[in-house]
Structure formats: structure tokens, C-alpha cells
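Shown next, in C-alpha cells, is the structure this report addresses.
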Amino acid sequence: MLARENIDRLMGLNGNVRTTEGDKVGSIGTFYTDDDTGEPTWVTVKTGLFGSSESFIPLQEATVDGDDVVVPYSKDHIKDAPRVAEDGHLDPGEESRLYNHYQLDGGTGFSGQDDYATRDTSTTRDTETVRDTGNTRDMGTTRDSGTTRDDDGAMTRSEERLNVGKESQATGRARLRKYITTENVTTTVPVQREEVRVEREPITDGNSGDAMSGPELTESEHEVTLHEERPVVDKETVPVERVRLEKDTVTDEVQVDEEVRKERIETEGTGTGEARR
């Protein structure tokens, strides 16, 4: 059985209930303490789709592992436990049904603890008085293996309904990454260069003066400088485009397949044949 200090530490930690085989049953719901001793004796676990229902589990042989409670019962056994209204208190009839399911000895009544608050409900045979509100409600029904039989002799048939919700979860990450590649660029550039061309002109009346102005016979040289253009390469960095990641919402159809339980009612000895609903 868990000690009181374990319960105080586990409250509000969002821990889970696990089996000794390591299977997760569900998240921790409410701890119930004994009315006489104040020791924690029961814990509820949230099961079903999105924790829509809770099952009671005894803490007699339970242990603590980190933020989790480990119990020596299978996941199916826990989910098949009798459903009990979570009104903060277990009456003797509810205790007996739960003890029979887990094959344990009976107790004397338990009060529930949820988020460090204790809800205490005193119960008599025909009326239930809620101390924190002062209201009295008629409790003229008894529980019989999950089926309620009222004073008028009618039997209530119940069934489970499937409530499907949605939750958002991360499925992946996308990022932009920029890296550098090298490629060859070939282009043609026109360039100019100077070449020497020899021109000869005959002596005429127009240029005879220049031709006869020097000495008659001499040796001389005349030099001409040639020029040419050569390509000059320069590189600059310029922006060419902008890239960003955008998210689009796509709607898919997902089929949910889950088992639900229904109560059936048969009639016997009515004289009109057996009927089943």
C-alpha cells in the first residue's frame, strides 16, 4: 500500500498508472483514502478515448516508480472493473463490488482526494447529504452488477456512446538550408589590338619637300608601340530571389473503429414469448 507522503508528492504531477509488465493503463485520476485511517486505498485511472472514463484500482500492492503508480493487475482486468460514480465517496455496496472484482477483502468506506482537496460525503440508506452544499438528494435506488433497478420495478438499460475528439501533434519539421556550389561560366568578350602595316607612297610634288629635307644617305630607325586589349574579370554578389516556407492545411478523412458495450434486457415468463432489447 502507498504511504500518505507518496500520494502528496504524486498529486499534480500528471503521472500514469502502469502494470507490473510495463503496460500503460492511463493517467492518474483521483486518490481515495480510508474514512477511518486516512490512508490511501484506491486510485482512479483515466481510460477510454481521451480519458473519457475512469476505473478504480486498489492500492494494497501498488508501488511508486518515479511519477507513476505500478499495480499488479492487467490492463484488461482494470478496464473491466465495475463503474462507480466519482462523487468523492465509495459506499459499502460499491466497495463490495470492487473488492469482489479484484478478489480482495472488503473495507469500510473511502473518500476521494483530487488536487489536494478532500470531498467528504456522508451517506445513509435512503438519502445522501452533501456537506459542502447542504443539499439532500433522494437515493432510492440500489446497484446490482452495473444495472439500476428503481422502486417502480423498471430496469434501466445503458450503453456506451463513442465520443471522438481531435488533438494536434507534431509530425515532422521542415527547414530551409543555404549552401554554395561552383559552376563554370563561359562568355565571349570582343577585344582590340594594334598591328603594323607598311605603307609606301611615291614621291610627288606634294611630298617632295619632306622627302628631300634630310641628308642624302643615312642610317636610321623608327619605332612604333603596339597596343592590345585583354579581358579583365571581376565578380560581384547580387541577390536573385527570396525563398520562404509556407504551411497549408489539408483535410483528410480518418475512420475511427472502437468497441462499445451495450446492456441487453431479456424478459421471461411474460406469456407473450421472450423479448430482447
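Read-outs throughout are calculated quantities, based only on the coordinates presented, and are distinct from any laboratory measurement. The model shown is predicted, which means the values in this text are computed figures rather than measured ones.
What is the stretch 151-264 by shape, rounded, prolate or oblate, if you read a ≥ b ≥ c off the alpha carbon gyration tensor as root eigenvalues and call it rounded for a/c under 1.5, prolate for a/b larger than b/c, and oblate otherwise? The shape class here is prolate. Subtracting the Cα-Cα distance of residue 262 and residue 235 from their residue separation scaled by 0.36 nm leaves 1.8 nm.
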